[in-house]
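Scroll down for the structure; my scribbles are underneath it.
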Amino acid sequence: MTTNQNNLTTSWGAPVGDNQNSMTAGSRGPTLIQDVHLLEKLAHFNRERVPERVVHAKGAGAHGYFEVTNDVSTYTKANFLSEVGKRTPLFVRFSTVAGENGSADSVRDPRGFAVKFYTEEGNYDLVGNNTPVFFIRDAIKFPDFIHTQKRHPVTHLKNPDAVWDFWSLSPESLHQVTILMSDRGIPATYRHMHGFGSHTFKWVNAEGEGVWIKYHFKTEQGIKNLTEEVGTKIAGENPDYHTQDLFEAIEKGDFPAWKLYVQIMPLEDADTYHFDPFDVTKVWSQKDYPLIEVGRMVLNRNPENYFAEVEQATFSPGTLVPGIEPSPDKMLQGRLFAYADAHRYRVGANHNSLPINRPKAEVHNYQRDGQMRFDNNGGGSVYYEPNSFGGPAESPENKTTAYPVSGAADSSAYDQNDHYTQAGDLYRLLSEEERTRLVSNIVGSMKQVTKDDIKLRQIQHFYQADPEYGKRVAEGLNLSVPQEV
Ligand code: NDP
């Protein structure tokens, strides 16, 4: 007899005779090892989790589309941006950064803003945050930085000493710390925040001419934030507040949308701009490089299965398509390796074959075998290159553009160290009420630091950004106001 639709089966498809009682010797046991259905059920359950992401573990995702609204083909040959009205399907994952998979959504933390465009020329991942800058600008500091955001090795508690010690010793973090501690440090929902590519990328047109660009997704829902008090209350009452909000908004047809803009810098400006435009702790002033509209992203479909889509989605800044290239940004260069490597470890070497990651474009290459290779593995097709059997071959017109470099191979520091002007510009852009909340959020966090020398070192940085900023934090902490430096 064949199994019918309603038959419970094992993973090898055989009907299960009893799913309520394990097989025992006599009604009181012990249990028999020959109950392979029981063994398989317990063993599979033990393996239900893949390692959570070291960062960005807690997230929510949605499907949608991107539609081009402005002709940018003079700047990039990227096919999905080639004409006004062109639509490309996409998948987005929003996330917090430091917390574990079950942690609360409404905490003060940057938010991940990762977009996978399923273009006709392969997938393009834009893996950014809801902030235009980052805490550090060299990937070599990333593991240390993240250790300070995670738990103490003895107490297993978050550790404000480590957080502020690292920031105070890494003043390039000041701009991002100011954004994080400002109202925008706790978005009201994932729908009410902007997204940024953060790094500089290169766009290349059909003539092979390049420009440097930065991406800005502007929320059409408007910016809305939670105060520290409300965020803390919600974290206790509903730790999945943002996850629930996104799912329910889409479920009821209230589809969130973002306008995508780019700032465009001619390649030659990079040598003469008043700071290193590849430094991810800096923004390019919009007065120098105004926003140019590109298109609109709409999220209109919830995942059908959280694990298969949101948890197994693998984004990498190196997942690029012709017309979009990396910049020398040292943080981006590290991420080009680290993201794909994390997915090989977390999901497996064939992660790009999973349904959520599989390109809509056809894949032709010579990768074979590996764990969980579940398609036909290339069948009998030619499995090496070069070959004389008509296997897929490179297309030289799709080479990335040449980029001249010079200088000694060395462990070099950035040659510019103004960590203060832009953090100060942001402080000065805030209203009095926003400044009061910024200082209160900082004081609330720094009050927990046990060493005054850490606090004083950090206050000096705030002071250098803007003397008023430093004085107000010092006063809030009952510490001496710094002298002119
Ligand atoms: P502009 O006045 O041209 O741009 C100011 C930018 O600041 C706008 O993008 C605005 O975004 C954003 N902004 C406004 N209020 C806040 C806030 N409370 N928290 C965070 N961002 C806010 O000036 P500049 O381009 O010369 O930049 C001045 C400062 O603005 C920078 O030092 C930087 O800290 C901040 N900023 C700059 C961005 C850029 O790409 N140039 C991007 C984001 C921030 P919105 O329209 O959504 O309010």
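Largest first, the extents of the alpha carbon coordinates of the chain on the three principal axes equal 87, 65, 49 Å.
Between their Cα atoms, which of 116/252; 158/224; 202/287; 41/252; 224/252 are more than 29 Å away from each other?
41/252
Distances between placed amide hydrogens fall under 5 Å for residue 188 paired with 224, 225, 226, all partners being 5 or more residues away or on another chain.
In sequence order, region 132-137 has phi-based couplings of x, 10, 9, 6, 10, 10 Hz under the Karplus curve 6.51 cos²θ - 1.76 cosθ + 1.60, θ = phi - 60°, and Gly or Pro positions carry x. Along region 356-370 the Karplus relation, 6.51 cos²θ - 1.76 cosθ + 1.60 evaluated at θ = phi - 60°, assigns HN-Hα couplings of 6, 9, 5, x, 6, 6, 5, 9, 10, 8, 10, 6, 9, 6, x Hz to successive residues, with x for each Gly and Pro.
A dipole drawn for the chain from +1 and -1 charges on Cβ atoms has a positive end, and of 178, 307, 36 the residue lying farthest that way is 36.
Hey, can you rank 290-296, 459-465, 47-53 by average C-beta count inside 10 Å, highest first? Working shown, then result.
Working: 290-296: 16.9, 459-465: 23.6, 47-53: 11.4.
Per-residue Cβ counts within 10 Å, averaged per peptide and sorted highest first, yield 459-465, 290-296, 47-53.
For region 10-148, take the convex hull of the Cα atoms, compute a quarter of its surface area, and give me that in nm², please.
So the Cα hull casts an average projection of 15.6 nm².
Which whole-number percent gives the relative contact order of region 42-183, counting Cα pairs below 8 Å spaced six or more residues apart? Relative CO of region 42-183 lands at 18 percent.
Explain nothing, just the number: dipole magnitude of region 95-166 about its Cα centre with +1 on each Lys and Arg Cβ and -1 on each Asp and Glu Cβ, in debye rounded to the nearest 20.
Charge dipole, region 95-166, about its Cα centre: 240 debye, nearest 20.
Roughly speaking, what % of Cα-Cα pairs in region 194-352 are separated by over 25 Å, rounded to a whole number?
Values: 6133 of 12561 pairs.
The calculated P(r) of region 194-352 puts 49 percent of pairs beyond 25 Å.
For a footprinting-style exposure proxy, rank 177, 154, 92 by other Cβ within 10 Å, fewest first.
Numbers: 177 24, 154 7, 92 28.
Ascending number of Cβ neighbours within 10 Å: 154, 177, 92.
By other beta-carbon atoms within 10 Å, ranking 419, 364 with the fewest at the front produces 364, 419.
Extents of region 420-477, taken as max minus min of Cα coordinates on every principal axis and listed largest first, are 31, 21, 14 Å.
Note on 23, 331, 372: ascending count of other Cβ atoms within 10 Å places them as 372, 23, 331, the fewest first.
Suppose every Lys and Arg Cβ carries +1 and every Asp and Glu Cβ carries -1, with no other charges. What dipole size does the chain come out with about its Cα centre, to the nearest 20 debye? Could the numbers behind the result be given before it?
On the way: 49 positive and 63 negative charges, 226 e Å.
Its charge dipole is roughly 1080 debye.
For residue 301, the residues whose amide H sits under 5 Å from its own are 63, ignoring neighbours fewer than 5 places away on the same chain, with H placed 1.01 Å from N.
Per-residue 3J(HN,Hα) values for region 93-107, derived from phi via the Karplus relation 6.51 cos²θ - 1.76 cosθ + 1.60 with θ = phi - 60°, read 10, 9, 7, 8, 9, 8, x, 7, 4, x, 6, 6, 6, 8, 9 Hz in sequence order (x marks Gly and Pro).
Here region 420-477 is treated with +1 on each Lys and Arg Cβ and -1 on each Asp and Glu Cβ, and its dipole about the Cα centre works out to around 220 debye.
Every number here is computed from the coordinates shown, using simple stated rules; none is lab data. Please read these numbers as outputs of a predicted model, since none were measured by experiment. A quick note on method: Cβ atoms are made from the backbone with ideal geometry, for glycine too, and the neighbour counts reach across all protein chains shown.
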